[in-house]
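Data first, discussion second: the structure below is written as structure tokens.
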Amino acid sequence: MKGKVLLLGIGNPSRKDDGLGPALAARFEADCPEGVDVDANYQLSLEDACTLSEYEKVVILDASAKGDGAFTFEEVEPDPAKEFSTHLILPPSILSIAREFFQAEGLLYVLGMRGYDFESFEEGLTEVAAANLEESEAYLRGWLTEA
Amino acid sequence: MSIPVETSARKITIEPVTRVEGHGKVTILLDDDGKVQQARLHIVEFRGFERFIQGRPFWEVPVIVQRLCGICPVSHHLAAAKAMDIIVGVDELSPTADKMRRLMHYGQMFQSHALHFFHLCSPDLLFGFGSDPKQRNVLGVAAAHPDLAVQGVNMRRFGQEIILATAGKKIHGTGAIPGGVNKNLTIEERDKFLAEIPQMKEWALSAVAIAKNYTVENLSTVADFGTFPSNYMSLVRDDGAMDLYHGKLRAIDHNGDKLIDGAPYSGYLDHIAEEVRNWSYMKFPFMKNMGTEDGWYRVGPLARMNVVDFIDTPLAEVARQEFVALGAGAPVHVTMGYHWARMIELLHSLEEMERLLNDPDLQGDELVRTGERRSEAVGVIEAPRGTLIHHYEVDDNDMVTMANLIVSTTHNNEGMNRSVAKVANDYLSGVEITEGLLNHIEVAIRAYDPCLSCATHAMGRMPLEVELVGADGKQLDRKVKD
């Protein structure tokens, strides 16, 4: 077991609000509570299943394409459904693999931050998404104190 | 915040909500008689890359282009670096730089193919794509082959460690720079990798055997599944050998006769054009000498097996010969053959890495060469999913003024549409999209493993949506994979 909690930012910083996950990960990297590890990547991948087995709790930080609020925070249940592309591996699938093959016992959560512009090939968040990032960070810091 | 937070909730439907990339939509169009007239796989090619890259200094490009895709960043890194070699006037890299880049590339091929094999392909191959979906997933694999997933993850990890050692970083690698590389491989790194080669080879051979056995034992089912005759294209070495890092363009027709051969890829526009269709942002490449109707082609592992004369590593060559025997002298058109071909390339990549790791040039000191500056260049590489073309123009101030990319999935656009249409033709009954049809369409798309991250910019909410549209344009049915 590496540590208690891993925050895993997912997204592409060059696609506007898709960069919400890495942006929040960067904030926690700069000011990280004790016992929390931080990492970031473009998207989930197979080996993340192995990583999951090394933590008590993992929170995927990601942009969300829908929702009325600033963010959602939910626990993931494993689902072995098979995707049709290596370019789209979903959290329930990763959790299934982690549980079945790597004896992961920890919990997996997704913090989905509402984004709005995913089409532009540009760096930087939209103003609304940046505000959502603030709310998400405040919530997550509070959650971590209790985790 | 208006969304309730339910940390205790156990139910969750993680729609792909949280990912904006990776969505496909299939529209099946029926004619007046209710027969399949056409199938359209909508993968929305991103727009805006040219704008993003224009105005940037050319030396930044090999790093920036990795943001195009989280699965194949190394392919974009190397294709861009190859173009920028030309820009800085270097036609031939030092042996150390060339071999470091090749090692990086074969590491990428190995980890990418391992990911596809375990995550997508192995459940289909072990249980058959017509079997119960409740079994045909990673849990089913776990029950039947408990070691397989660990092998898959470890093979992927090995490839990624090769990338880390050659590119310098897990993501946003900087190893390849215009004119060369910025590091060599230490003896310690080399020895660590060499120690793992025997185990990786055993697993790679096992993966080839699984793919081969499935294809051969189920040939009566898979031979016709999403299958049709086509042209094929890839790079080949001057002597006709498979070379995934560098070579010249070769294309063959459905009989195996050469349509293009020995063509320097810098002149790709002399041979390839792209057709625009009003229903798709993604273009449809075709060979100019054949026209839009007959000139489309497929790329990737299946194409490479058909196009090359031989593979220059012993175990993979034996496997290739077994594969091409399926065609009995003609190209193998079996779409499901992509899986077997992919595993042969996995083995070949491992053999190439072993050869490179034993080459003392990797410890050489000549990392970068320079030359006379040029203003336009093309870099092409055989990426895991097929031929990847990067084309740039650079002004006197070192700024990129034009960028044009043709990614592997774009080359395969027509082929994927035809496979989906074939499956729809064979499995659609009435005007209902059954779970079986949806499943078979997925299987057909999975064979190509389209690169959605680089090929799409559209946001969506479902991984795969299939709609059935009547001759009057009205939607008859719609089903979503959830």
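The values are calculated or read from the model by the stated rules, or taken from the named source; none is laboratory data. These figures come from a predicted structure and were not determined experimentally. Don't worry about glycine lacking a Cβ; one is built from the backbone with ideal geometry, like all the others, and counts go over all protein chains shown.
Could you please find all residues in segment B:169-179 being modelled with pLDDT of 95 or more and either among the β-branched types (Val, Ile, Thr) or on the phi < 0 side of the Ramachandran plot (or both)? Answer for segment B:169-179, where residues must be modelled with pLDDT of 95 or more and either among the β-branched types (Val, Ile, Thr) or on the phi < 0 side of the Ramachandran plot (or both): B:Gly175, B:Ala176, B:Ile177, B:Pro178.
Conditions (1) within 30 Å of B:Gly130 (Cβ to Cβ); (2) out of contact with any helix residue (DSSP H, G or I) (no Cβ under 8 Å at 6 or more places or on another chain), marked per residue:
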residue	(1), (2)
B:Gly226	yes, no
B:Ser230	yes, no
B:Met233	no, no
B:Leu249	no, no
B:Ile252	no, no
B:Gly256	no, no
B:Pro264	no, yes
B:Asp270	no, yes
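Filtering B:Ala195, B:Ala251 for residues that are surrounded by 14 or more Cβ atoms within 10 Å (Cβ to Cβ) and out of contact with any His (no Cβ under 6 Å at 6 or more places or on another chain) leaves a single hit, B:Ala251. The helices (runs of 4 or more DSSP H) found wholly in segment B:222-320 and carrying at least 2 residues that are of a type in the set (Asp, Glu) and over 20 Å from the mean Cα position of the chain (by Cα) occupy B:291-294. Would a scan of segment B:175-183 turn up a residue that is buried (at least 21 other Cβ atoms within 10 Å of the Cβ) and within 28 Å of B:Val318 (Cβ to Cβ)? No, every residue in segment B:175-183 fails to be buried (at least 21 other Cβ atoms within 10 Å of the Cβ) and within 28 Å of B:Val318 (Cβ to Cβ). Within segment B:140-159, restricting attention to residues that are surrounded by fewer than 20 Cβ atoms within 10 Å (Cβ to Cβ) and either of a type outside the set (A, V, I, L, M) or facing chain A (nearest Cβ under 10 Å) (or both), the residue that is nearest to A:Leu44 (Cα to Cα) is B:Arg157.
Working carefully through the options A:Leu61, A:Leu90, find the one that is under 21 Å from A:Arg141 (Cβ atoms) and either crowded, with 23+ Cβ neighbours inside 10 Å or facing chain B (nearest Cβ under 8 Å) (or both). Please lay out each step first, then the result.
Working: A:Leu90 fails: under 21 Å from A:Arg141 (Cβ atoms).
Testing whether each residue is under 21 Å from A:Arg141 (Cβ atoms) and either crowded, with 23+ Cβ neighbours inside 10 Å or facing chain B (nearest Cβ under 8 Å) (or both) leaves just A:Leu61.
If I filter segment A:131-147 down to residues being more than 10 Å from chain B (Cβ to nearest Cβ) and crowded, with 19+ Cβ neighbours inside 10 Å, which single residue comes out as nearest to B:Phe52 (Cα to Cα)? Walk me through it before giving the result.
Keep residues of segment A:131-147 that are more than 10 Å from chain B (Cβ to nearest Cβ), which gives A:131, A:133-134, A:137, A:140-142, A:144-145.
Then drop every residue that is not crowded, with 19+ Cβ neighbours inside 10 Å, which leaves A:133, A:137, A:140, A:144.
Details: A:Leu133: 24, A:Glu137: 29, A:Leu140: 32, A:Leu144: 37 Å.
The selected residue is A:Leu133.
Within segment B:85-105, can one find any residue that is closer than 19 Å to B:Met343 by Cα, at pLDDT 75 or above and in contact with a strand residue (DSSP E or B) (Cβ under 8 Å, 6 or more places away or on another chain)? So far as segment B:85-105 goes, yes, one or more of its residues are closer than 19 Å to B:Met343 by Cα, at pLDDT 75 or above and in contact with a strand residue (DSSP E or B) (Cβ under 8 Å, 6 or more places away or on another chain). Could you tell me whether any residue of segment B:93-106 is more than 23 Å from B:Tyr265 (Cα to Cα), of a type in the set (Phe, Trp, Tyr), crowded, with 22+ Cβ neighbours inside 10 Å and touching a residue at least 24 places away in the same chain (Cβ under 8 Å)? Checked segment B:93-106: no residue is more than 23 Å from B:Tyr265 (Cα to Cα), of a type in the set (Phe, Trp, Tyr), crowded, with 22+ Cβ neighbours inside 10 Å and touching a residue at least 24 places away in the same chain (Cβ under 8 Å). Taking the numbered list (1) farther than 30 Å from B:Tyr338 by Cβ; (2) in contact (Cβ under 8 Å) with a residue 24 or more places away in the chain; (3) not in a loop (DSSP other than H, G, I, E, B) in turn, B:Glu352 passes all entries but (1).
Give the residue, chosen from B:Leu93, B:Leu68, that is within 13 Å of chain A (Cβ to nearest Cβ) and on the phi < 0 side of the Ramachandran plot. Outline the logic, then answer.
Values: B:Leu93 fails: within 13 Å of chain A (Cβ to nearest Cβ).
None of the others qualify; the one that does is B:Leu68.
Assessment of segment B:121-131 against the conditions (in contact with a Gly (Cβ under 9 Å, 6 or more places away or on another chain), among the acidic types (Asp, Glu) and either buried (at least 19 other Cβ atoms within 10 Å of the Cβ) or free of Cβ contacts under 8 Å to residues at least 40 places away in the same chain (or both)) yields no matching residue.
One residue is enough: does segment B:325-332 have a residue meeting the conditions closer than 29 Å to B:Pro95 by Cβ, of a type outside the set (S, T, N, Q), in contact (Cβ under 8 Å) with a residue 40 or more places away in the chain and surrounded by fewer than 17 Cβ atoms within 10 Å (Cβ to Cβ)? Before you say what the answer is, go through the steps one by one.
First pass over segment B:325-332, keeping only residues closer than 29 Å to B:Pro95 by Cβ: none.
No, every residue in segment B:325-332 fails to be closer than 29 Å to B:Pro95 by Cβ, of a type outside the set (S, T, N, Q), in contact (Cβ under 8 Å) with a residue 40 or more places away in the chain and surrounded by fewer than 17 Cβ atoms within 10 Å (Cβ to Cβ).
You will find that of B:Glu60, B:Glu50, the residue that is surrounded by fewer than 24 Cβ atoms within 10 Å (Cβ to Cβ), acidic (Asp, Glu) and under 23 Å from B:Lys283 (Cα atoms) is B:Glu50 and no other. Output the residue which, of all residues in segment A:120-130 that are modelled with pLDDT under 95 and surrounded by 18 or more Cβ atoms within 10 Å (Cβ to Cβ), is nearest to B:Arg67 (Cα to Cα). The extreme case among them is A:Phe121. When residues in segment A:110-130 are screened for being within 11 Å of chain B (Cβ to nearest Cβ) and assigned to a helix (DSSP H, G or I), 0 of them pass. Among the numbered conditions (1) free of Cβ contacts under 8 Å to residues at least 40 places away in the same chain; (2) within 7 Å of chain B (Cβ to nearest Cβ), the only one that A:Gly67 does not meet is (1).
Of everything listed in (1) farther than 18 Å from A:Gly112 by Cα; (2) surrounded by fewer than 18 Cβ atoms within 10 Å (Cβ to Cβ); (3) touching a residue at least 24 places away in the same chain (Cβ under 8 Å), the single unmet condition for A:Asp31 is (3).
Can you confirm whether segment B:72-83 contains a residue that is outside any helix (DSSP H, G or I) and modelled with pLDDT under 95? Give the derivation first.
Of the residues in segment B:72-83, the ones outside any helix (DSSP H, G or I) are B:72.
Checking which are modelled with pLDDT under 95 leaves us with B:72.
Looking for residues that are outside any helix (DSSP H, G or I) and modelled with pLDDT under 95, one finds at least one in segment B:72-83, hence yes.
When you scan segment A:135-145, do you find a residue that is outside any helix (DSSP H, G or I) and within 30 Å of B:Ile64 (Cβ to Cβ), even just one? Before the answer, list the steps.
Pass one, segment A:135-145, residues outside any helix (DSSP H, G or I): none.
Scanning segment A:135-145 turns up no residue that is outside any helix (DSSP H, G or I) and within 30 Å of B:Ile64 (Cβ to Cβ).
Of the listed requirements (1) closer than 29 Å to B:Val443 by Cα; (2) part of a loop (DSSP other than H, G, I, E, B); (3) at pLDDT 80 or above, B:Met109 misses just one: (2).
A Cβ distance below 6 Å, combined with a sequence gap of six or more or placement on separate chains, defines the contacts here; from segment B:279-296, residues that are farther than 13 Å from B:Thr409 by Cα and surrounded by fewer than 17 Cβ atoms within 10 Å (Cβ to Cβ) reach residues that are of a type in the set (Phe, Trp, Tyr) and at pLDDT 95 or above in the pairs B:Thr292/B:Phe286. All of (1) surrounded by fewer than 18 Cβ atoms within 10 Å (Cβ to Cβ); (2) within 14 Å of the chain's Cα centre (by Cα); (3) more than 10 Å from chain B (Cβ to nearest Cβ) hold for A:Asp39 with one exception: (3).
Criterion applied to A:Leu24, A:Leu44, A:Leu20 was being under 26 Å from B:Arg156 (Cα atoms) and either facing another protein chain (nearest Cβ under 10 Å) or of a type in the set (A, V, I, L, M) (or both), and the one residue passing it is A:Leu44.
Across segment B:123-134, the number of residues qualifying as at the interface with chain A (Cβ under 10 Å from one of its Cβ atoms) and either in contact with a Ser or Thr (Cβ under 7 Å, 6 or more places away or on another chain) or part of a helix (DSSP H, G or I) (or both) comes to 2.
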